[in-house]
Amino acid sequence: MKKTKENNVSERVYIFDTTLRDGEQAPGNTMNTQEKLRVAKQLEALGVDIIEAGFPIASDGDFDAVRQIAQTVKNCEVAGLARANDADIDRAWEAIKVAAQPRIHTFISTSDIHLKYQFKKTRDEILKIAVQAVKRAKKHTRNVEFSAMDATRSDWDYLCRMFAEVIDAGAVTINVPDTVGYTIPEEFGKLIRYIVENVPNIGKAIISVHCHNDLGLAVSNSIAAIQNGARQVECTINGIGERAGNAALEEIAMILRTRKDIFPADTRIISEKIYPTSRLISSITGVGVQPNKAIVGANAFAHESGIHQDGLLKAKLTYEIMKPESVGISKSSLVLGKHSGRHAFRDRIEGLGYTLEEKELNLAFKRFKALSDIKKYIYDEDIEMIIMDEIYKIPEKYKLVYLNVNCGNVTIPTATVKLEVDGTVYQDVGFGDGPVDAIYKIIKKIVKTNSKLEKFSINSITQDMDAQGEVFVKLSEKGLVAIGKGADTDIIVASAKAYINALNRLEYVKKKKLEVK
Ligand code: KIV
Ligand code: ZN
């Protein structure tokens, strides 16, 4: 797949990360501005080429987050999404114009199904709107991407006409979304080839693809597209996104890297930062990664069967196609413990992709020492939890002061909770269906919250008996959502911490919303 005049392909595949837009808009993946900024910085460090930071016209909060990301990120492009109309495009530009490399991404549907039922417009009318939108965006920046929504269910010749006209209007990237995850690799590959061969001015634009995973084919379809001339892939960390999600960035990057023999095209992803990025997303959203998920799942590099283990001991090559270290899963994560010093701790933190100031390092180290008194081995996941808790914490209106629980198979679960609310300590006692229920009822009573508990889940962060339990809680109130996390070697304490953390986050979101207004 060498670069030639006919196939218009280069040796580089651009990674357009839409974790903060398509990923974030999926249920359960909401992030606040501070969290989005952290993700953007991590994506920049990971080496993505374009960060789609959000949909600025969607809300003031979205606009603000996109603008802050545009101000912060320097080493990759920052894109803002806009429907094909002046208001959306101007708003997107307003949010991204401070970026070192801004991009406007405008879109409209091209399938007859969408035109008939959603837009109630003819193909010619839609074509005109698309061209006008690209021209409008072009007034702001030369870097304009156009997406033909539901492209895979569109008429191929109409699609080619549309792309030819938007390229004439100035689009430098044309995106072919499989919006509903309908296509299959062979068909999608043919469509991309058809575009290469039938859009006369295609040499002036990069072909991008954006695949959804409804049939589990998002990554395969993206790969088929690359084999047929696409040179930008839109994807997300852990494959999060609308419904069944988007193509997973980590899978695309590692397919191209692992099968260099087939793909002479590569990304500039720093693969060692894949795993820390995946962890960051799941710890912010509270959405865990399935254990058997390729590349970043807990079992992705675990070999259980005797035959496999025997082979691995003889030569890694027998059953290992990638090294865990190459995606940032550190084999040496076991080394930290009670006797580890500051130096080793700092090294591990940096290896995980975090840069802490001296004061922050001191705080985290103190907490690490306390944890290593009760836990023999400290894993990467434990350290990340410490960083989340100590460094990236939000203002605490509510603080847990004291917790006592009685429970068992012959006892009515009873809890006593002391909680500090804005500096004043309140105490109460009560019963529940279980220890967590008892605690949550008392906290609810003390803080008088109207929020609804939407989700509660417990995971073990690592595998030992003394592992920390990680609890996620999702609360909602009048359309606002907050996810809280808590970790402790005692899961009851972790549950209380997670609930209080979610309440603090909800307060924070409420306050931010008022500030934006
Ligand atoms: O899935 C889709 O079609 C999209 C577009 C906005 C690119 O997300
Ligand atoms: Zn999408």
### Query
Only one of 207, 192 is β-branched (Val, Ile, Thr), in contact with a helix residue (DSSP H, G or I) (Cβ under 7 Å, 6 or more places away or on another chain), at pLDDT 95 or above and surrounded by fewer than 23 Cβ atoms within 10 Å (Cβ to Cβ); which?
192
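Being β-branched (Val, Ile, Thr) and in the same structural domain as residue 344 (by TED's automatic domain parsing) narrows it down to one of 446, 412, 383, 442, so name that one.
Working: 446 fails: in the same structural domain as residue 344 (by TED's automatic domain parsing); 412 fails: in the same structural domain as residue 344 (by TED's automatic domain parsing); 442 fails: in the same structural domain as residue 344 (by TED's automatic domain parsing).
Testing whether each residue is β-branched (Val, Ile, Thr) and in the same structural domain as residue 344 (by TED's automatic domain parsing) leaves just 383.
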### Query
Pairs under 9 Å by beta carbon, first residue over 24 Å from residue 242 (Cβ atoms) and part of a helix (DSSP H, G or I) in segment 157-184, partner of a type in the set (S, T, N, Q) and more than 16 Å from ligand 2 (Cβ to nearest atom), six or more apart or different chains?
157/198; 160/198; 164/198; 164/201; 167/201; 168/201; 169/132
### Message
Among the listed residues 87, 70, 40, 45, identify the single one that is among the small types (Gly, Ala, Ser), part of a helix (DSSP H, G or I) and closer than 22 Å to residue 394 by Cβ.
### Response
40
### Task
Could you please let me know if residue 217 is at pLDDT 95 or above and either within 23 Å of the chain's Cα centre (by Cα) or farther than 19 Å from residue 157 by Cα (or both)?
yes
#### Entry: Condition met for residue 216 (out of contact with any helix residue (DSSP H, G or I) (no Cβ under 7 Å at 6 or more places or on another chain), farther than 28 Å from residue 165 by Cβ and away from ligand 2 (no atom under 12 Å from the Cβ))
yes
### Message
If I filter segment 488-502 for residues that are in a strand (DSSP E or B) and either at pLDDT 85 or above or touching a His at 6+ places or on another chain (Cβ under 8 Å) (or both), do I get at least one hit?
### Response
yes
### Message
With within 25 Å of the chain's Cα centre (by Cα), surrounded by 12 or more Cβ atoms within 10 Å (Cβ to Cβ) and either hydrophobic (A, V, I, L, M, F, W, C) or not in a helix (DSSP H, G or I) (or both) as the only criterion, which of 383, 439 stands out?
### Response
383
### Query
Among the residues of segment 132-147, is there at least one that is in a loop (DSSP other than H, G, I, E, B), buried (at least 24 other Cβ atoms within 10 Å of the Cβ) and in the same structural domain as residue 234 (by TED's automatic domain parsing)?
no
### Message
Criterion first (surrounded by 24 or more Cβ atoms within 10 Å (Cβ to Cβ), touching a Leu at 6+ places or on another chain (Cβ under 8 Å) and more than 21 Å from residue 232 (Cβ to Cβ)) does residue 40 satisfy it?
### Response
no
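Do we find that residue 274 is farther than 21 Å from residue 181 by Cβ and either within 16 Å of ligand 2 (Cβ to nearest atom) or in contact with a helix residue (DSSP H, G or I) (Cβ under 8 Å, 6 or more places away or on another chain) (or both) in this structure?
So residue 274 fits the description; yes.
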### Message
Can you pull out every residue in segment 225-242 that is away from ligand 2 (no atom under 16 Å from the Cβ) and either modelled with pLDDT under 95 or in contact with a Lys or Arg (Cβ under 6 Å, 6 or more places away or on another chain) (or both)?
### Response
228
### Task
Output the residues belonging to segment 178-205 that are more than 21 Å from residue 106 (Cβ to Cβ) and either within 11 Å of ligand 1 (Cβ to nearest atom) or touching a Lys or Arg at 6+ places or on another chain (Cβ under 7 Å) (or both).
181, 182
### Query
Which ones in segment 155-187 are within 16 Å of ligand 2 (Cβ to nearest atom) and among the aliphatic types (A, V, I, L, M)?
174, 176, 180
## Note on the structure
Quick count over segment 388-417, residues being at pLDDT 85 or above and in contact with a helix residue (DSSP H, G or I) (Cβ under 9 Å, 6 or more places away or on another chain), is 15
### Task
Starting from segment 233-256, keep only residues that are at positive phi and assigned by TED's automatic domain parsing to the domain that holds residue 213, then list their pairs with residues that are assigned to a strand (DSSP E or B) and more than 13 Å from ligand 2 (Cβ to nearest atom) whose Cβ atoms are within a distance under 6 Å, requiring at least 6 positions of separation or different chains.
239/248
### Message
I'm told residue 246 meets every condition in (1) among the polar types (S, T, N, Q); (2) within 16 Å of ligand 2 (Cβ to nearest atom); (3) out of contact with any strand residue (DSSP E or B) (no Cβ under 6 Å at 6 or more places or on another chain) except one. Can you identify the failing condition by its number?
### Response
(3)
### Message
So, residue 122, is that one away from ligand 1 (no atom under 16 Å from the Cβ) and in contact with a strand residue (DSSP E or B) (Cβ under 9 Å, 6 or more places away or on another chain) or not?
### Response
no
### Task
Being more than 36 Å from the chain's Cα centre (by Cα) and charged (D, E, K, R) narrows it down to one of 433, 428, so name that one.
428
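If I ask for residues that are more than 9 Å from ligand 2 (Cβ to nearest atom) and either among the polar types (S, T, N, Q) or in a helix (DSSP H, G or I) (or both), which ones from segment 11-25 would you list?
Selection gives 19, 20, 23.
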### Query
Do we find that residue 175 is farther than 15 Å from residue 134 by Cα, within 16 Å of ligand 1 (Cβ to nearest atom) and surrounded by 22 or more Cβ atoms within 10 Å (Cβ to Cβ) in this structure?
no
### Task
Looking only at segment 95-110, decide whether some residue is part of a loop (DSSP other than H, G, I, E, B), in contact with a Leu (Cβ under 9 Å, 6 or more places away or on another chain), within 16 Å of ligand 2 (Cβ to nearest atom) and modelled with pLDDT of 95 or more.
yes
#### Entry: Test for residue 198: is it surrounded by fewer than 22 Cβ atoms within 10 Å (Cβ to Cβ), at pLDDT 95 or above, under 23 Å from residue 130 (Cβ atoms) and in contact with a Cys (Cβ under 9 Å, 6 or more places away or on another chain)
yes
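The values are calculated or read from the model by the stated rules, or taken from the named source; none is laboratory data. No experiment lies behind these values; they were computed from the predicted model shown. Quick reminder, even Gly has a Cβ in these numbers, built from the backbone with ideal geometry, and neighbours come from all protein chains shown.
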